[in-house]
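Just so it is clear, none of the values below were taken in a lab; they were calculated from the coordinates. Values in this document were obtained by computation on a predicted structure and should not be read as measured data. Neighbour counts are summed over all protein chains in view; Cβ atoms, including those assigned to glycine, are modelled from backbone coordinates with ideal geometry.
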Amino acid sequence: QKEVEQNSGPLSVPEGAIASLNCTYSDRGSQSFFWYRQYSGKSPELIMSIYSNGDKEDGRFTAQLNKASQYVSLLIRDSQPSDSATYLCAVNLGFGNEKLTFGTGTRLTIIP
Amino acid sequence: GAVVSQHPSWVICKSGTSVKIECRSLDFQATTMFWYRQFPKQSLMLMATSNEGSKATYEQGVEKDKFLINHASLTLSTLTVTSAHPEDSSFYICSARALLTSGSTDTQYFGPGTRLTVL
């Protein structure tokens, strides 16, 4: 079982709709969770971080964390063509553990 | 804030030569930097963790004698690919761990990456 799993996609969403990206992780002790956006040929860019159960909203983005079910999701409201990218879920054990474990990413395409 | 730069952004070299890539945290001090490699259509693969003033910790399967890492200061880490071969052609990305405001957790910020092509 992979440590961090994401549906590779591609996920196609009409412009203006809500895009929903999901991620599951295997280590129940994980403490920190991140969503990065990566455009083709570019490096990852931090979108959201979340550390406690529940929702965290930042503009059009909402991260949701459920530690009991070991999943974290990212919702993108009012999707724009510029949101088309690969979204990487990353998990950190915390407690001084420095490394991030990345999922393979979900490719999102927003259809105008 | 939390800007990380890399230099060069791309490099083409002949097989057998060495290439040095620099990673700098521009507006914060980074006690820890990370080096990743990414092949086309694949996710990031952590190569090593670099701590200022100490030896880097390499991931399993990464040759420490081939990928030399130096973290000489709190704002600079370098990766040297020695005796590069075509199979080393990849996108190399560094990240730096930044401690944000009190009460939050460390976050990794990525540099723009260096695309290495070995002929």
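Which order do the peptides B:62-70, A:43-51, B:34-42 take when ranked by the mean count of other beta-carbon atoms within 10 Å per residue, highest first? Don't jump to the answer; show the numbers that get you there.
Values: B:62-70: 15.1, A:43-51: 19.7, B:34-42: 17.7.
Ranked from most to least packed, the peptides come out as A:43-51, B:34-42, B:62-70.
Relative contact order (percent) for chain B, with alpha-carbon contacts under 8 angstrom and 6 or more residues of separation? Don't jump to the answer; show the numbers that get you there.
On the way: 300 pairs, mean separation 42.1, N = 119.
Relative contact order comes out at 35 percent.
Work out the mean other chain Cβ neighbour count within 10 Å for the residues of A:41-51 and drop it here as an integer. Present the calculation step by step, with values, prior to reporting the outcome.
Numbers: counts 4, 5, 16, 10, 3, 6, 0, 0, 6, 0, 2.
Shielding by partners across A:41-51 averages 5.
With viscosity set to 1.002 mPa s and temperature to 20 °C, compute the Stokes-Einstein D of chain A, Rh being the Kirkwood radius across alpha carbon pairs; µm²/s, no decimals. Show your work: numbers first, answer last.
Numbers: Rh = 14.0 Å.
Calculated translational D: 153 µm²/s.
Let me check against my output: what whole-number percent is the relative contact order of the stretch A:1-67, with C-alpha pairs under 8 Å and at least 6 apart? Numbers along the way, then the final one.
On the way: 72 pairs, mean separation 14.2, N = 67.
Reported as a whole number, the value is 21 percent.
Sort B:HIS7, B:HIS85, B:HIS71 so the one with the fewest other Cβ atoms within 10 Å of its own Cβ comes first.
On the way: B:HIS7 14, B:HIS85 11, B:HIS71 23.
Final ranking by Cβ density, sparse to dense: B:HIS85, B:HIS7, B:HIS71.
Jot down the radius of gyration and Dmax of the stretch B:17-119, Cα atoms only, both in angstrom.
My reading of the Cα-based Rg and Dmax gives 13.6, 48 Å.
Evaluated at 20 °C with a viscosity of 1.002 mPa s, what Stokes-Einstein diffusion coefficient in µm²/s does the protein assembly as shown have when Rh comes from the Kirkwood expression over alpha-carbon pairs? All intermediate terms of the calculation are to be shown ahead of the outcome.
Details: Rh = 18.3 Å.
The diffusion coefficient I find is 117 µm²/s.
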